[in-house]
Every structure is written in C-alpha cells, then in structure tokens.
1. Assuming residue 134 fulfils every condition listed in (1) within 25 Å of residue 210 (Cβ to Cβ); (2) within 16 Å of the chain's Cα centre (by Cα) apart from one, which condition is it?
2. Hey, can you tell me all the residues within region 26-67 that are among the small types (Gly, Ala, Ser) and more than 20 Å from residue 123 (Cα to Cα)?
3. Given the conditions (1) in a strand (DSSP E or B); (2) aromatic (Phe, Trp, Tyr); (3) modelled with pLDDT of 95 or more, which single one is not true for residue 90?
4. Considering only residues that are polar (S, T, N, Q) and touching a helix residue (DSSP H, G or I) at 6+ places or on another chain (Cβ under 8 Å), look in region 124-176 and name the one that is modelled with the lowest pLDDT.
5. Find the residue count for region 142-151, including only residues that are open to solvent by 20 Å² or more (accessible area, probe 1.4 Å) and not in a loop (DSSP other than H, G, I, E, B).
6. Taking the criterion of being at pLDDT below 95, assigned to a loop (DSSP other than H, G, I, E, B), touching a Ser or Thr at 6+ places or on another chain (Cβ under 7 Å) and exposed (fewer than 13 other Cβ atoms within 10 Å of the Cβ), would at least one residue in region 20-32 satisfy it?
7. Just to be sure before I move on: is residue 79 assigned to a loop (DSSP other than H, G, I, E, B), open to solvent by 50 Å² or more (accessible area, probe 1.4 Å) and out of contact with any Cys (no Cβ under 6 Å at 6 or more places or on another chain) in the structure I sent?
8. Which one is nearest to residue 115 (Cα to Cα) among residues in region 90-101 that are open to solvent by less than 20 Å² (accessible area, probe 1.4 Å) and touching a His at 6+ places or on another chain (Cβ under 9 Å)?
Amino acid sequence: VKDTLNNSSGQTLFYFGNQDTTNGGHIEVRLIQTNGNKRIRLRYGSLNNMIQLQSPNASNVFPTNQWNHVMITYDGNTTGASSGSLSSYYSRFKIFINGVQQTTNNSHSNYGYTGNIAAQNFRFGRYASGNYPKDVLFNQMAIWDSDQSSNISGIYNGGATQDLTSLTTVDGTMNTAYLPPAHYYEVENSTSTISDINGTAHMVGYNFSNSDIVTDAP
C-alpha cells in the first residue's frame with residue numbers, strides 16, 4: 001500500500017463481511033492518520049461487539065509516498081465474547097508492517113463477537129459508504145487460507161515485489177512451505193476488472209483511472 005496525501009480522515013484498506021456494519025459481523029483493516037502519525041487498525045466483529053487491534057501510532061511506521069507492506073494473520077483458534085478470554089482473542093491476530101510484527105494496542109466493545117461473518121461484501125479500499133480509495137495506491141493484494149505468520153520473511157521478501165504464485169519453496173528454519181495465496185490480485189492493465197489470479201473471486205474496479213495503475217513497485 002502506498003499512501004500519497006497523508007489524509008487525516010484515514011482510509012479503509014480492506015473490508016469483508018455484512019452490509020449492516022452496526023450489527024453484522026465483518027473484518028476491517030484501516031489506515032488511521034492523526035497529526036502526521038499513522039497506525040494500522042484491525043477490527044473483528046460488529047460496530048457494537050468487536051475486538052480491535054492497532055499498531056503503534058508513529059510517523060515512521062507507515063511513511064508517506066513510500067510502498068509499505070501490510071500483513072495480518074489469524075491463527076484459526078476460537079474467538080468469542082467472554083471477558084475472561086479477551087487476551088486469548090487478541091492473541092489470535094497479528095499485524096506486520098514492512099516485515100516487522102507490531103506490538104498492538106488492544107481494545108474491545110462488549111468483550112468481542114460471537115456471530116458469523118456473512119460473505120456479503122468483499123472490498124479493497126472502501127468501507128460501507130464514502131469514497132473509494134482516496135489517497136492510497138494498491139499494488140499486490142493477497143489472501144491465504146492458512147496462518148502464514150511464520151512465513152512473513154519470505155512473503156515480505158525484503159520489500160521487493162515477487163510473483164506470489166511461485167511461493168512453493170521450503171524454509172529450512174521453520175520447515176514449512178511458503179504457500180501461494182488462495183486469492184491474489186495485481187492491478188495492472190485494467191481499471192474495470194481485476195482478475196483473481198489464483199482463484200475465482202474476481203473484482204470490479206470503481207473510481208479507477210489509468211493514473212491509478214501502479215508503475216513504480218519496488
């Protein structure tokens with residue numbers, strides 16, 4: 001993700017879930033900006049019942065006019081809404097920025113969420129309403145169907161872009177395969193249809209123009 005204008009209103013990077021954001025379950029990843037400082041925020045649940053994790057608020061976490069790699073992982077274990085289990089719920093998720101795991105600031109609304117996540121909306125760059133990507137550019141967007149936190153080094157690749165479909169080598173230290181993503185998108189030539197390279201969840205472009213096509217990926 002590349003932030004270009006340092007907009008104080010922030011920007012939704014990813015949204016999946018119910019159309020009813022107040023009561024329906026969803027996953028939202030957002031870039032928050034305040035007085036030149038930035039942080040990545042993850043929300044899981046509904047507006048009224050959720051857990052929230054945020055990276056530290058700092059000017060150097062997500063530099064403006066630079067490409068930044070964001071990876072968020074979920075370990076597949078149980079979430080819920082029990083006050084005594086909040087630390088376990090938080091531990092299910094990790095936020096990595098430019099290959100580094102962030103020490104998150106955690107909070108909640110009503111101790112979390114117990115409902116399902118309805119597959120009604122799948123978006124990059126937009127929440128339930130408002131403008132589409134305002135001040136950010138996307139280069140590679142990928143979704144894995146497994147916890148890839150132990151493979152962050154190979155996926156981040158020192159900040160250099162790579163063909164994620166080729167991630168099949170074995171890491172000798174972790175003894176686990178760098179698996180290709182289940183869904184993988186490159187915004188290349190088209191501003192109307194963005195094909196799912198590894199799956200069938202193709203996307204439709206909105207508010208895109210040729211000036212939004214990336215030409216300076218690292």
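The values are calculated or read from the model by the stated rules, or taken from the named source; none is laboratory data. Here the structure is a predicted model, which means the values were calculated and not measured. Positions of Cβ are backbone-derived with ideal geometry, glycine not excepted, and every protein chain shown enters the neighbour counts. Protein only, heavy atoms only, side chains kept; ligands, DNA and RNA dropped before computing areas. Shrake-Rupley method; radii C 1.70, N 1.55, O 1.52, S 1.80 Å.
1. (2)
2. If the condition is that a residue be among the small types (Gly, Ala, Ser) and more than 20 Å from residue 123 (Cα to Cα), then 36, 55, 58, 59 are the ones that fit.
3. So residue 90 meets the others, but not (1).
4. So the residue we want is 176.
5. 4
6. yes
7. The answer is no for residue 79.
8. Step by step, filter region 90-101, then rank; the result is 96.
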